[in-house]
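Input: a single structure, listed below in structure tokens.
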Amino acid sequence: MDKFETHTGVGVPLRRSNVDTDQIIPAVYLKRVARTGFEDGLFASWRKDQAFVLNNPVYAAGSVLVAGPDFGTGSSREHAVWALMDYGFRVVISSRFADIFRGNSGKGGLLAAVVSQDNVELLWKYLENHPGAEITVDLVSRTVTAGEIVAPFEIDDYTRWRLLEGLDDIGLTLRHEDEVSRFEQGRPSWKPVTTPA
Amino acid sequence: MSGTLSEKVWDAHVVRRAEGEPDLLYIDLHLVHEVTSPQAFEGLRLAGRPVRRPDLTLATEDHNVPTTAGPITDPVSKIQVETLRRNCEEFGVRLYPMGDLEQGIVHVVGPQLGLTQPGMTVVCGDSHTSTHGAFGALAFGIGTSEVEHVLATQTLPLKPFKTMAINVRGSLAEGVTAKDVILAVIAKIGTGGGQGYVLEYRGEAIEALSMEARMTVCNMSIEAGARAGMIAPDETTFAYLKGRPHAPTGADWDAAVDYWRSLRTDDDAVFDAEVEIDASALTPFVTWGTNPGQGLPLSESVPDPESFADESDRLAAANALAYMGLEPGTPLREVRVDTVFLGSCTNGRIEDLRAAAAVVKGRHVADGVRMLVVPGSAKVRQQAEAEGLDRVFTEAGADWRLPGCSMCLGMNPDTLAPGERSASTSNRNFEGRQGKGGRTHLVSPLVAAATAVRGTLSSPADLPADVLQEA
């Protein structure tokens, strides 16, 4: 995973709450077995509407999505994170993320920045008044900057550290493999196994 | 030290706890299906890592499978299913493929095999893994990176979840089901209300539920934004498990039950939040919008967006009504449907089919309405046929199908056409979930069956009584 310290890119205002993962990428795109190339599925249904924000050429290079509360609800599909990243997004800003989506973001290197709804409203207004304007997201200082707006964001310390260092979770866990083996030896013998009963 | 049910299960699975790090949690059972696993197996292959515990891993084919006889015709779906088969063979993971007597929706298969047991940690790359919490297991959905993590290490680094008690007091009236309870819970706390929490469902109304009904409740915890849902194991749980293929036997059974009895929230334990629901006040519930929190009792009318105090709710309601093609003020009972879907990991078990069959027996599906009945697993289908339920459904004009996720999500041939409206026993009414442009009303199996007969959203109480006498 690439290290993430700071990112500056075009902000995209998405004035919707409850953007569920079926909207981020519909199920039909989940049939693929590859890990990349999901950008065509991103917001597939909404993109058919010419008025949808991503169809405005000014946002073509968008990389910081500013969305309403409860972003990423619903299905656990990590494809939602992949689709956002394949399209070019590096950061999603919302006042509240669904748990699984937020977890998936941290694994994939997409920064899910929790910003208060009041500040999201300010960012929306700023982006709508300055279409194509850039937002800077600084993970070191945990701030979002757009024009005169400087807003703090929240992210848990552990995910922040992993993103800053670009660390792979599995590699981190395997450092403690002896502890896993010790735990396994203490498991009750009646716990089920999936091999034939 | 006193604790809640979920804290007890969590603490029993901590492999490693260190300051400033998430806990490393051991996983007892990892369920796998074809959609969220290919990239995880590919990751293992690239890193040269084996599956640490194939004997704690089980795979089934469910999301892509057609529910009519014959092979998968969609080439992309076919590749995904074939990829799972290849991966399971290469990594030594047990798989129940299409056509196998144990095949079915992953969350129906685990419990029916007796693999889901109290006090376990259960994960799957599927948000409805919360279903297994009905047994007092800590069960939750994970993303594909986490699937790879569990395959490689049988653990997950996680921060402890917060705890929320959902106290469902009193008893449910006749015709009010587990589905109505959970839809009412979601409408009350909202789609983000459970965020970060494990919900523990408690109270007389929950204790009175069967295991299958408890699974329906826990299944939709994710629709309230929760990480997991749980119900403390009791005699109902033990009776359900006893004699199942993977349940302990002999002295092991006694040791297991002794432990399982300790899995209760202590009287002096404190939840981070508590919600009260009066079971006796609940009535059949349906959704009118495009998220599972947008629901109302069936007796009410489509709401006016202007009636919502919060601006974001107002906008969401207006968007939802435009998508759903509904007018404010229309009685929900007058909303006409094209399709009725009975099935899914929420309501595709034998008791669901029995409840719906009892309503349609001796009656007929309304003109212009199609009803799909999709058992949750091959075993459920076999049981239903042994009881003659298949004939009840087909004689009523419904379509009796093969097991799979079916119309719960548009990944297989069972979809809604644009603009088509369904009453569905599944779990999500998101835009396009059942097919592009499809409009979904979430309902219980009883409401689904009555709706199929009347052609508009209905409960069995809305049907004329004469046929009931004959049945």
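The values are calculated or read from the model by the stated rules, or taken from the named source; none is laboratory data. Keep in mind that this is a model prediction, so the values were computed, not measured. Quick reminder, even Gly has a Cβ in these numbers, built from the backbone with ideal geometry, and neighbours come from all protein chains shown. What goes into the accessible areas is simple: the full protein's heavy atoms, side chains included, and nothing from ligands, DNA or RNA. Shrake-Rupley method; radii C 1.70, N 1.55, O 1.52, S 1.80 Å.
Cβ contacts < 7 Å: first residue assigned by the TED database to the domain that holds B:Ala12, restricted to region B:264-279; second residue among the small types (Gly, Ala, Ser) and open to solvent by 20 Å² or more (accessible area, probe 1.4 Å), any location; separation 6+ or different chain. Result?
What qualifies is B:Asp266/B:Ser2; B:Asp268/B:Ser2; B:Ala269/B:Ser2.
Which is more than 12 Å from chain A (Cβ to nearest Cβ), under 22 Å from B:Ser127 (Cα atoms) and open to solvent by less than 60 Å² (accessible area, probe 1.4 Å), of B:Asp28, B:Asp62?
Working: B:Asp28 fails: more than 12 Å from chain A (Cβ to nearest Cβ).
Residue meeting the stated conditions: B:Asp62.
Of everything in region B:65-83 that's without any contact (Cβ under 8 Å) to a residue 12 or more places away in the chain and at the interface with chain A (Cβ under 7 Å from one of its Cβ atoms), which residue is most open to solvent (accessible area, probe 1.4 Å)?
B:Ile79
Return the residue satisfying two criteria in turn: it lies in region B:194-205 and is touching a residue at least 40 places away in the same chain (Cβ under 8 Å) and farther than 19 Å from B:Pro160 by Cβ, and of such residues it is nearest to the other protein chains (Cβ to nearest Cβ).
B:Arg202
Got a number for residues in region B:158-179 being of a type in the set (Lys, Arg) and away from chain A (no Cβ under 11 Å)?
2
Determine which single condition B:Arg49 fails, assuming it passes every other condition in (1) more than 24 Å from B:Cys345 (Cβ to Cβ); (2) among the charged types (D, E, K, R); (3) more than 9 Å from chain A (Cβ to nearest Cβ).
(3)
So which helices (runs of 4 or more DSSP H) stay within region A:5-87 end to end and still have 3 or more residues that are open to solvent by less than 30 Å² (accessible area, probe 1.4 Å)?
A:21-24, A:79-87
What single numbered condition from (1) open to solvent by 10 Å² or more (accessible area, probe 1.4 Å); (2) touching a residue at least 60 places away in the same chain (Cβ under 8 Å); (3) not aliphatic (A, V, I, L, M) fails to hold for B:Thr163?
(1)
Quick check on my filter: what residues within region B:290-307 are more than 12 Å from chain A (Cβ to nearest Cβ) and either open to solvent by 40 Å² or more (accessible area, probe 1.4 Å) or hydroxyl-bearing (Ser, Thr, Tyr) (or both)?
Hits for region B:290-307 are B:Ser299, B:Glu300, B:Ser301, B:Asp304, B:Glu306, B:Ser307.
Restricting to region B:183-218, name every residue that is out of contact with any Lys or Arg (no Cβ under 8 Å at 6 or more places or on another chain), assigned to a helix (DSSP H, G or I) and over 30 Å from A:Pro69 (Cβ atoms).
Within region B:183-218, B:Glu207, B:Met211, B:Ala213, B:Arg214 qualify.
Condition test on A:Ser17, is it in contact with a Cys (Cβ under 9 Å, 6 or more places away or on another chain) and either within 11 Å of another protein chain (Cβ to nearest Cβ) or basic (Lys, Arg) (or both)?
It is false that A:Ser17 is in contact with a Cys (Cβ under 9 Å, 6 or more places away or on another chain) and either within 11 Å of another protein chain (Cβ to nearest Cβ) or basic (Lys, Arg) (or both).
Hey, among the residues in region B:446-471 that are part of a loop (DSSP other than H, G, I, E, B) and touching a strand residue (DSSP E or B) at 6+ places or on another chain (Cβ under 7 Å), which one's farthest from B:Ala366 (Cα to Cα)? Walk me through how you get there before you give the answer.
Here is the first cut: in region B:446-471, the residues part of a loop (DSSP other than H, G, I, E, B) are B:455, B:457-459, B:463-465, B:471.
Next, from what is left, pick out any that are touching a strand residue (DSSP E or B) at 6+ places or on another chain (Cβ under 7 Å): B:455, B:457.
Details: B:Gly455: 5, B:Leu457: 12 Å.
Applying the filter and picking the extreme gives B:Leu457.
Which of the numbered conditions does B:Thr191 fail, given that it passes all the others? Conditions: (1) touching a residue at least 12 places away in the same chain (Cβ under 8 Å); (2) more than 11 Å from chain A (Cβ to nearest Cβ).
It fails just one condition, (2).
Let's see how each residue does on (1) under 21 Å from the mean Cα position of the chain (by Cα); (2) small (Gly, Ala, Ser):
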position	(1), (2)
B:Asp268	no, no
B:Asp272	no, no
B:Glu276	no, no
B:Ala279	yes, yes
B:Thr283	yes, no
B:Val286	yes, no
B:Gly289	yes, yes
B:Pro292	yes, no
B:Leu296	yes, no
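Where in region B:49-154 are there strands (runs of 3 or more DSSP E), lying wholly inside it, with at least 3 residues that are of a type in the set (A, V, I, L, M, F, W, C)? So that I can check it myself, show each step before the final result.
Numbers: elements: B:57-60, B:94-96, B:121-124, B:138-141.
The strands (runs of 3 or more DSSP E) meeting that bar are B:121-124, B:138-141.
Among the residues of region B:446-466, write down those that are open to solvent by 30 Å² or more (accessible area, probe 1.4 Å) and either modelled with pLDDT under 95 or touching a Phe, Trp or Tyr at 6+ places or on another chain (Cβ under 9 Å) (or both).
Those that are open to solvent by 30 Å² or more (accessible area, probe 1.4 Å) and either modelled with pLDDT under 95 or touching a Phe, Trp or Tyr at 6+ places or on another chain (Cβ under 9 Å) (or both): B:Pro464, B:Ala465, B:Asp466.
Among the residues of region A:86-107, what is the count of those that are within 8 Å of the chain's Cα centre (by Cα) and within 13 Å of chain B (Cβ to nearest Cβ)? Let's see the steps before the verdict.
Our first condition is that a residue be within 8 Å of the chain's Cα centre (by Cα); within region A:86-107, this holds for A:90-92, A:101-102, A:104-106.
Subsequent filtering for residues that are within 13 Å of chain B (Cβ to nearest Cβ) retains A:101-102, A:104-106.
Here the count works out to 5.
Residue by residue through region B:1-43, note down the ones that are in contact with a helix residue (DSSP H, G or I) (Cβ under 6 Å, 6 or more places away or on another chain) and part of a helix (DSSP H, G or I).
B:Pro38, B:Gln39, B:Ala40, B:Phe41, B:Gly43
Any chance region B:140-157 includes a residue that's surrounded by fewer than 21 Cβ atoms within 10 Å (Cβ to Cβ), within 14 Å of chain A (Cβ to nearest Cβ) and small (Gly, Ala, Ser)?
No, region B:140-157 contains no residue that is surrounded by fewer than 21 Cβ atoms within 10 Å (Cβ to Cβ), within 14 Å of chain A (Cβ to nearest Cβ) and small (Gly, Ala, Ser).
Name the single residue that is nearest to the other protein chains (Cβ to nearest Cβ) among those in region B:260-280 being of a type outside the set (Val, Ile, Thr) and open to solvent by less than 70 Å² (accessible area, probe 1.4 Å).
Going residue by residue through region B:260-280, those that are of a type outside the set (Val, Ile, Thr) are B:260-264, B:266-269, B:271-274, B:276, B:278-280.
Among the residues that remain, those that are also open to solvent by less than 70 Å² (accessible area, probe 1.4 Å) are: B:260, B:262-263, B:266, B:269, B:271, B:273, B:279.
Details: B:Trp260: 11, B:Ser262: 13, B:Leu263: 13, B:Asp266: 22, B:Ala269: 22, B:Phe271: 18, B:Ala273: 15, B:Ala279: 26 Å.
This residue is B:Trp260.
For region A:132-160, how many residues are under 28 Å from B:Glu19 (Cα atoms) and loosely packed, with under 14 Cβ neighbours inside 10 Å?
Qualifying residue count for the region: 6.
Could you grab me the full set of residues in region A:66-121 that are small (Gly, Ala, Ser), farther than 25 Å from B:His128 by Cα and free of Cβ contacts under 8 Å to residues at least 40 places away in the same chain?
The answer is A:Ser116, and nothing else.
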